[in-house]
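Heads up: the structure comes next, in structure tokens.
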């Protein structure tokens, strides 16, 4: 038999209808979708970034600092020579302070000393005038005496010349009479008379010699006195002027002690005038402050030690001023320009902001010196308090997600 019985029976039990084989859907599109989604997430995480920031407090101050002018001495403020907001130049007077003490009788000690010194100065000035007059008179007296002595000198010289002629004549007569006496023509008595006349002429000549010598000595003395007179005048004048100068110095010191002027240490704008006229000042009383010229405002930020690890120069700063709410007026940007290496303790009390922990001072420049609002520009002012975000580092989201892995790797390494 061509067909077996079993085969024929099997054909009898077949189901009616067509058999359709259902093929399974391909998994390729699903894998592609998952891959694209994963790639998009990776790209997003790598392209989008997140900035780490530290929020700190700070205040505005000029780049050159605020110069606080103190009295330096005790006294009463009698006059302010500047006004709030006025500009001053270096060494310009800004305040007058008086320091006076009273005596038992109610007289001011400084004024009493000043009057006494002024009287002494007037006495010395009078003495200087009198001494000038005395030296003028002395010079005229010497000139007069020199004139008289020169006249006497001329007269004595003439008398001496005449006396010399007489002496020579008497000498000749005596020699002739002596010769006659030796020859017996003249008696001794007559010779004695001639001899006596000769001696009288000789004595007269010697007396004139002495007078001439005496007059010459007097003339020399007068000339020497006249030569020394200008030096004596100069010496006396210098001595008195030195004493007057000493009194002037004492008066200046007394005036400075009694009433002294405070001057501006640097050019700038006056601000924060504290005492009023009539106030008593101690040595460390702050009279006013000066904002130096060409000193733009900067932000001084107080950085806690726990936040100081990653702050670097040129880090971006975003500042929110308390006086200008950032929701309405926006932020002011800046850059870190200086980071102090020394800590400032709360006990130092050098900040206008109360601190309870040690801080580093960080300086940041501002992108603008004014806030724009309502169509106007409102300038920032010294001392304004603000809150600032220091942008420490900027990394992608992927780097932030992988940061724990880097940390573990660093520890294992």
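For (1) in contact (Cβ under 8 Å) with a residue 40 or more places away in the chain; (2) outside any strand (DSSP E or B); (3) closer than 24 Å to residue 91 by Cβ, each residue gets a yes or a no:
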| position | (1), (2), (3) |
| --- | --- |
| 245 | no, yes, no |
| 265 | yes, yes, yes |
| 274 | no, yes, yes |
| 309 | no, yes, no |
Report summary line: The condition from (1) more than 30 Å from residue 63 (Cα to Cα); (2) in contact with a strand residue (DSSP E or B) (Cβ under 8 Å, 6 or more places away or on another chain) that residue 271 misses is numbered (1)
Query raised in the report: When you scan segment 280-307, how many residues do you find that are surrounded by fewer than 15 Cβ atoms within 10 Å (Cβ to Cβ), in a loop (DSSP other than H, G, I, E, B) and in contact with a strand residue (DSSP E or B) (Cβ under 6 Å, 6 or more places away or on another chain)?
Result: 1
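Going by what's in this entry, would residue 196 be described as at negative phi, in a helix (DSSP H, G or I) and in contact (Cβ under 8 Å) with a residue 40 or more places away in the chain?
Values: at negative phi: yes; in a helix (DSSP H, G or I): yes; in contact (Cβ under 8 Å) with a residue 40 or more places away in the chain: no.
For residue 196, the condition - at negative phi, in a helix (DSSP H, G or I) and in contact (Cβ under 8 Å) with a residue 40 or more places away in the chain - is not met.
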Query - Check on residue 209, within 30 Å of residue 258 (Cα to Cα) and at pLDDT 85 or above - result: no
Query raised in the report: Here are some conditions: (1) within 27 Å of the chain's Cα centre (by Cα); (2) surrounded by 15 or more Cβ atoms within 10 Å (Cβ to Cβ); (3) modelled with pLDDT of 80 or more. Residue 215 meets all but one. Which one does it not meet?
Result: (1)
Requested in this report: Might you let me know whether segment 153-163 holds any residue that is assigned by TED's automatic domain parsing to the domain that holds residue 225, touching a residue at least 60 places away in the same chain (Cβ under 8 Å), part of a helix (DSSP H, G or I) and within 30 Å of residue 218 (Cβ to Cβ)?
Outcome: yes
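Suppose the filter is part of a loop (DSSP other than H, G, I, E, B) and free of Cβ contacts under 8 Å to residues at least 40 places away in the same chain; does residue 313 pass it?
Working: part of a loop (DSSP other than H, G, I, E, B): yes; free of Cβ contacts under 8 Å to residues at least 40 places away in the same chain: yes.
Yes, satisfied.
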Report summary line: If we keep only residues of segment 81-98 that are assigned to a strand (DSSP E or B) and within 19 Å of the chain's Cα centre (by Cα), then the residue farthest from residue 290 (Cα to Cα) is 96
Query raised in the report: Could you count how many residues in segment 351-375 are under 30 Å from the mean Cα position of the chain (by Cα), in a loop (DSSP other than H, G, I, E, B) and either farther than 14 Å from residue 57 by Cβ or modelled with pLDDT of 85 or more (or both)?
Result: 1
Query - Filtered residues of segment 114-135 (kept if closer than 22 Å to residue 254 by Cβ and without any contact (Cβ under 8 Å) to a residue 24 or more places away in the chain) - result: 115, 116, 119, 122, 123, 126
Query raised in the report: Looking at segment 381-400, is at least one residue modelled with pLDDT under 85, over 36 Å from the mean Cα position of the chain (by Cα), crowded, with 16+ Cβ neighbours inside 10 Å and farther than 19 Å from residue 57 by Cβ?
Result: yes
Query raised in the report: Taking residue 249, is it in a helix (DSSP H, G or I) and farther than 17 Å from residue 129 by Cβ?
Result: yes
Query raised in the report: residue 235 is checked against (1) surrounded by 12 or more Cβ atoms within 10 Å (Cβ to Cβ); (2) closer than 30 Å to residue 122 by Cα and fails just one. What number does that condition carry?
Result: (1)
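The values are calculated or read from the model by the stated rules, or taken from the named source; none is laboratory data. No experiment lies behind these values; they were computed from the predicted model shown. Every residue, glycine among them, receives a Cβ derived from its backbone with ideal geometry; neighbour counts consider all protein chains shown.
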